[in-house]
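Notes follow once the structure below has been shown.
Where a number appears in this text, it was derived from the coordinates with a stated rule and is not lab data. Bear in mind that the values here come from a model prediction, so they are computed numbers and not experimental data. When we count neighbours, we look across all protein chains shown, and the Cβ atoms used for this are built from the backbone with ideal geometry, even at glycine.
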Amino acid sequence: MELGLLAVTLCAFQVVYWYRIRNIEIPEWNSIALGHLLGFASRLSFIFGGALFSVFFLRHAPELSSSEGAIILLPRVAMLLASLFCMYCYSLELERLANMLQSTIGLPPGPRH
């Protein structure tokens, strides 16, 4: 049940992410402070994903020594990798938004071309 719900959630995240990439542009507004905060959140979210992977691997490493343990853990490892990919997409999206918010650094005020 839990793996199924997680799989549906990960698929929904990917559908929304790729829809946004193809059809919705990032708004062009400026806020250097918010851009810095989003850039920080982007980097921090990927560190969290790496830590999650490390904890999972260290917790389940003893079970991988037997062939039965490796087969049982295969769906969980696949979900973990899919979750890490979603975290990567999320951090990329935050990074894009942060870059857009900070894109006017060093430019004089006025209309952008």
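Tabulated data
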read-out	value
Neighbour net charge for F53 - beta-carbon separation under 13 angstrom, K R +1, D E -1	+2
Pairwise label distance in nanometres, R22 with L10, each label 7 Å out on the Cα-Cβ vector	2.1 nm
Within-11-Å neighbourhood charge of R96 [Cβ basis; K, R +1; D, E -1]	-2
Cβ crowding within 10 Å averaged over residues, with 1-11, 93-103 ranked highest first	93-103, 1-11
